[in-house]
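To keep things clear, I will list the structure first and then write my remarks on it.
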Amino acid sequence: MTHWFAIIMGAALFTLMIPVIYRIWVGPTSFDRILGVNVIGTKTAVLLVVIGTLFDRVEMFVDFAISYALLNFVGAIVISRYLNRTISLKDMEAREKEGARKR
Amino acid sequence: MMSWLTSFQCLASAPTETVGTEGGFLVLQVIGVLLGVMGLLFFLGAAVGLLRFPDFYTRMHAAGKGDTLSTMLMLAGFGLVTMEDLSLGSWLLLIKIMAVVLFVYLTSPTSSHALMRAAFEDDELPLTEDDLRNSKRGKRRKKR
């Protein structure tokens, strides 16, 4: 019964990841994509516990889940710091033109 | 109910001795399955919100909240389902799983906050009522 619960849960998790992957694919801004990656990373930590239940080795896979959650957090923080105040070249040129016009 | 009672008797008398309850306790498993299904429901809400909401901040609202709570519910459900006896090892396993939950509870809002701040300082504008009125769907509504 535990195995069936784990299998159904893992399949449902994979199915519900599809809309999130759609958001990563078409996301209008880069922040949407990072948000989707963050959600999928958190759910992968859960999925690792599910896989551990299937293999009857939960105590080992929980450690993997902890390290995966840590990597996910660090990645989200680093990418948000990187995207902070990063303007594309086109926007920068447009802003410079506006400034020239004001002068 | 009986298996629940015997589990507590087992806890009181001899924690190292595994009293024969085949494949875990039924009550714990039922509670665990219920928690897991609730977690899936919250994750469904997060996925639908991520798919359907109009601008970045609302999408982040759905994703941040639904993701955190559904992770907690699903991991707690699996911790209860995989608890096969009340020995020291399975208690440690439950505590470890709850440590993952605590970690996610600390980090997921933090990363959401950092992402929101980066987006706001990067001139990502939130959706206002005027935007909704000027959008295609709003015009369609006005015609009716």
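Taking the criterion of being out of contact with any Leu (no Cβ under 9 Å at 6 or more places or on another chain), at the interface with another protein chain (Cβ under 8 Å from one of its Cβ atoms) and surrounded by fewer than 23 Cβ atoms within 10 Å (Cβ to Cβ), the residues of the range A:29-56 that qualify are A:T29, A:T53.
The set of residues in the range A:62-90 being modelled with pLDDT under 80 and either in contact with a Pro (Cβ under 9 Å, 6 or more places away or on another chain) or open to solvent by 80 Å² or more (accessible area, probe 1.4 Å) (or both) consists of A:R85, A:L89, A:K90.
So for the range A:33-52 (the condition being part of a helix (DSSP H, G or I), within 19 Å of the chain's Cα centre (by Cα) and over 30 Å from B:L35 (Cβ atoms)), does at least one residue qualify? Give the steps one after another, and end with the answer.
Initial filter on the range A:33-52 (part of a helix (DSSP H, G or I)): A:33-52.
With within 19 Å of the chain's Cα centre (by Cα) added as a condition, the list becomes A:33-50.
Now drop any that are not over 30 Å from B:L35 (Cβ atoms), which leaves A:33.
Yes, the range A:33-52 contains a residue that is part of a helix (DSSP H, G or I), within 19 Å of the chain's Cα centre (by Cα) and over 30 Å from B:L35 (Cβ atoms).
Consider B:E124 carefully, then state whether it is touching a residue at least 12 places away in the same chain (Cβ under 8 Å), within 26 Å of A:I34 (Cα to Cα) and more than 21 Å from the chain's Cα centre (by Cα). Answer is yes for this residue. Scanning the range A:1-28 for residues being touching a residue at least 12 places away in the same chain (Cβ under 8 Å), surrounded by fewer than 20 Cβ atoms within 10 Å (Cβ to Cβ) and not hydrophobic (A, V, I, L, M, F, W, C) gives a total of 3. Inside the range B:11-27, residues that are buried (at least 19 other Cβ atoms within 10 Å of the Cβ) and either within 11 Å of chain A (Cβ to nearest Cβ) or modelled with pLDDT of 90 or more (or both) make up a count of 1. Residues in the range B:79-137 that are among the charged types (D, E, K, R) and within 11 Å of chain A (Cβ to nearest Cβ) were compared, and the one that is nearest to B:I31 (Cα to Cα) is B:E84.
Regarding B:L75, is this residue at pLDDT 90 or above and within 8 Å of chain A (Cβ to nearest Cβ)? Yes: the conditions hold for B:L75.
Tell me whether the range A:74-83 contains one or more residues that are more than 7 Å from chain B (Cβ to nearest Cβ) and touching a Phe, Trp or Tyr at 6+ places or on another chain (Cβ under 9 Å). Within the range A:74-83 (the criterion being more than 7 Å from chain B (Cβ to nearest Cβ) and touching a Phe, Trp or Tyr at 6+ places or on another chain (Cβ under 9 Å)), the answer is no, since none of the residues qualifies.
The values are calculated or read from the model by the stated rules, or taken from the named source; none is laboratory data. Bear in mind that the values here come from a model prediction, so they are computed numbers and not experimental data. Note: ideal-geometry Cβ built from the backbone for every residue, glycine included; neighbour counts use all protein chains shown. In case anyone asks, the SASA skips ligands and DNA or RNA and just uses the protein heavy atoms, side chains included. Shrake-Rupley method; radii C 1.70, N 1.55, O 1.52, S 1.80 Å.
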